[in-house]
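To keep things clear, I will list the structure first and then write my remarks on it.
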Amino acid sequence: MNSNSSSAPAIVVDNLCKRFGSFNALDSVSFDVARGEIMGFLGPNGAGKSTLIRVLCGLLRPTSGRAVVAGIDIALDPEAVRRRIGYMSQKFSLYSDLSVLENLQFFGGIYGVTPNLIAERIHFALDMAGLLGREDALVSTLAGGWKQRLALGCAILHQPAVLFLDEPTSGVDPSSRRRFWNLIHSLSAEGVSVLVSTHYMDEAEYCMRIAMIERGRLIALGTPSELKQQSIGGELIELECDNIGSAIELVAQVAGVRDVAVFGNTLHILVDDAQETGVAVCHSLAEHGLPGAQARPILPTMEDMFVHLVRAARSQQAQVLK
């Protein structure tokens, strides 16, 4: 992979905005991505993740602000940016009616891989994807996990300094997703900077830092552990009880409860004092005909962080609009 001893960030985003008519798809977004760093982008559907990646890839022109990718200002020379990056979309970009080898040869030509390197790079991609010996197989016959790794191999044939992955594991089984992330970490170890959008909470744990985006605005930035501890702003209780639908309304009325959300067959409750409020919640439920509830303090998960930050951002925006 391309190496660069410079300490300058691989990606610099400064007050970036993208508007479509009156709609703000990106609203004053700023962050850096270091060389070799894996930056995850989390956000609900429609939050602006794909728009951001397309702007940084030079596929969309920003309305205002500045972004530098691999040392190049995207507004000044988007074509030069595209030559230095790899891009993998959430939908497989492979040609199903071509063979594995034909896809690699095609993308090698698109990315301008020189004739003296193409054979070496194709072998690397085949080995990485686990497809050595299956070069003549039609892509349409491959399982999702194989297609995913082949698409990644195509995206890095030209040894890009920066790799953009737009929800690359959508629809892929968990074991294939884990193998895919092992490949991403090996690329990071070689100095490739990776910006990846995902809606899988477990995948966010594999990232070195996470940026949370909601309605085009950056609402949180930090390591997974930092965000889980700092963004919640309180203590967390897991509550097991019967009739969650009725319990959630009762729990929300207990003094000391700041937020409550359904997590599977339990409730996660944000409070100031887990011990004291946990007792009060169980007592309140019993008084209202729901005895036997069990409350215990827990550490926040990525999903807790995600739910809390999105709710807080939407509540704040609603207050501004009043």
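The values are calculated or read from the model by the stated rules, or taken from the named source; none is laboratory data. This is a predicted model, so every value here is computed, not measured. Ideal geometry is used to build each Cβ from the backbone, glycine not excepted, and the neighbour counts take in all protein chains shown.
Per-residue answers, yes or no, for (1) within 24 Å of S28 (Cβ to Cβ); (2) in contact with a strand residue (DSSP E or B) (Cβ under 6 Å, 6 or more places away or on another chain); (3) not assigned by TED's automatic domain parsing to the domain that holds H308:
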position	(1), (2), (3)
R178	no, no, yes
H185	no, no, yes
V192	no, yes, yes
L195	yes, yes, yes
D202	no, no, yes
Looking only at the stretch 111-131, count every residue that is under 30 Å from the mean Cα position of the chain (by Cα) and either loosely packed, with under 11 Cβ neighbours inside 10 Å or not assigned by TED's automatic domain parsing to the domain that holds C154 (or both) and tell me the total. 1
Of the numbered conditions (1) without any contact (Cβ under 8 Å) to a residue 24 or more places away in the chain; (2) among the hydrophobic types (A, V, I, L, M, F, W, C); (3) surrounded by fewer than 17 Cβ atoms within 10 Å (Cβ to Cβ), V260 fails exactly one; give the number of that condition. (3)
Count of residues meeting criterion [over 19 Å from the mean Cα position of the chain (by Cα), in a helix (DSSP H, G or I) and crowded, with 20+ Cβ neighbours inside 10 Å] in the stretch 291-312: 0
If you take the residues in the stretch 132-162 that are more than 27 Å from the chain's Cα centre (by Cα) and among the hydrophobic types (A, V, I, L, M, F, W, C), which one is nearest to I184 (Cα to Cα)? L132
Determine which member of the set S93, S30 is of a type outside the set (D, E), modelled with pLDDT of 90 or more and either closer than 26 Å to G171 by Cα or in contact with an Asp or Glu (Cβ under 6 Å, 6 or more places away or on another chain) (or both). S30
Note on G58: of the conditions (1) surrounded by 21 or more Cβ atoms within 10 Å (Cβ to Cβ); (2) modelled with pLDDT of 95 or more, unmet is (2)
Only listed residue being surrounded by fewer than 15 Cβ atoms within 10 Å (Cβ to Cβ) and modelled with pLDDT of 95 or more, chosen from S140, S64, S99: S64
Of the residues that make up the stretch 254-261, is at least one under 30 Å from L218 (Cα atoms) and basic (K, R)? yes
Residue tally, condition small (G, A, S), closer than 30 Å to A312 by Cα and crowded, with 17+ Cβ neighbours inside 10 Å, over the stretch 171-213: 3
